[in-house]
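The values are calculated or read from the model by the stated rules, or taken from the named source; none is laboratory data. From a predicted model like this one, the values you see are computed outputs, not experimental measurements. Backbone-built Cβ (ideal geometry, glycine too); neighbour counts: all protein chains shown.
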Amino acid sequence: MGKKKFKKGKKGGLLGFFGAIFRGIGWLIWKSLPVAVIAALLIYAGFAVKTALCEDRWLKVQEIRVVPPDVLSPQSVRLLEDKILGKNILLLDLKKIAGTIELGPGAQSVRIVREMPSTIRIEIQKRKPVANVQLKPGGPYAVVAEDGYIIESRPAIDPAWILIEDFSEPFKDPRVGARLQNKGFSEALRFMKIYRKHELARRENVTRISLDPYGNVTIRLGEGPDFQLGRRPSERLSFLAKAVYLFKTEPRENIEYMDLQYDRVAVKRKK
């Protein structure tokens, strides 16, 4: 009789074990049901809001604003209007639109932003002139931006910017949109940025910079003489400051140029 009770107890134990598991699962489902319902409601509400916004007539693009207004041609603006006006402002791919804008040589970059609820603003960063570049002796002057692009051609020099002679370019007449290839151009601009902060700049003005085909930079102080500074002119600034002290003992008009490319000063005197 004890053996019979043992079998019944074993069978009741298994049923009790699985029953406890099913009751636990049921309890978890019952407890998590409100969370699932809330999550579903939130998802539904999100889709509903998105659909409402996409269909909202007040969110249709009604205006395109270009800043500054004279950078893009009227034809480019009309093409943008055909693509954008009337579209939902939230669904526009701004990066894709920016990639379709053809920038002229006077423009460097473009940024597009939404002005809610119905305006697209196109911000154009214009290239700023930094130098007059002469490509051949006696030739016209190219107005050049910091990245080397020619943005304008002029028959006369503009005194607001430094003069750079670069006779090594493959083209000899300024072509708007062309880019200077001489690596010395960027080094010359870097030198000028550092030089303007140097004590020497209060006494001596750089009046001309010359580049050779290898990118070596030569500068002229005042009416002369010239100073050959090599490919890293900003690193020779301390030598330039020391060389200028020679003018205290010798008239500068007697000197044709000084070579400061190395750790010695080589002076070429006029005959």
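For this structure, a couple of remarks:
- Residue match in region 79-102 (condition: under 21 Å from VAL176 (Cβ atoms), of a type outside the set (D, E, K, R), modelled with pLDDT under 90 and within 18 Å of the chain's Cα centre (by Cα)): yes
- A Cβ distance below 6 Å, combined with a sequence gap of six or more or placement on separate chains, defines the contacts here; from region 64-78, residues that are more than 17 Å from ARG114 (Cα to Cα) and assigned by TED's automatic domain parsing to the domain that holds GLY104 reach residues that are at pLDDT 85 or above and surrounded by 12 or more Cβ atoms within 10 Å (Cβ to Cβ) in the pairs VAL71/ALA107; VAL71/ILE124; LEU72/VAL66.
- Counted as qualifying within region 194-271 are the strands (runs of 3 or more DSSP E) with 1 or more residues that are out of contact with any helix residue (DSSP H, G or I) (no Cβ under 8 Å at 6 or more places or on another chain) and within 24 Å of ALA131 (Cβ to Cβ), namely 206-211, 217-221, 226-230, 255-259.
- Once region 113-131 is narrowed to residues that are of a type in the set (A, V, I, L, M, F, W, C) and over 30 Å from PRO174 (Cα atoms), the residue that is surrounded by the fewest Cβ atoms within 10 Å (Cβ to Cβ) is MET116.
- Comparison of ILE219, ILE157, ILE151 shows that the only residue that is surrounded by 20 or more Cβ atoms within 10 Å (Cβ to Cβ), of a type in the set (A, V, I, L, M) and closer than 22 Å to PRO105 by Cα is ILE151.
- Test for PHE191: is it under 24 Å from PRO105 (Cβ atoms), of a type in the set (Phe, Trp, Tyr) and crowded, with 20+ Cβ neighbours inside 10 Å: no
Residue-wise test of (1) over 16 Å from PHE247 (Cβ atoms); (2) touching a Pro at 6+ places or on another chain (Cβ under 9 Å).
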| residue | (1), (2) |
| --- | --- |
| PHE185 | yes, no |
| LEU189 | yes, no |
| LYS197 | yes, no |
| ARG203 | no, no |
| VAL217 | yes, yes |
| ARG220 | no, no |
| ASP226 | no, no |
| LEU229 | yes, no |
| PRO233 | yes, no |
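- Output for region 187-245, where each listed residue is touching a residue at least 40 places away in the same chain (Cβ under 8 Å), in contact with a strand residue (DSSP E or B) (Cβ under 8 Å, 6 or more places away or on another chain) and not aliphatic (A, V, I, L, M): GLU187, PHE191, TYR195, GLU204, THR207, ARG208, SER210, ASP212, ASN216, ARG231, PRO233
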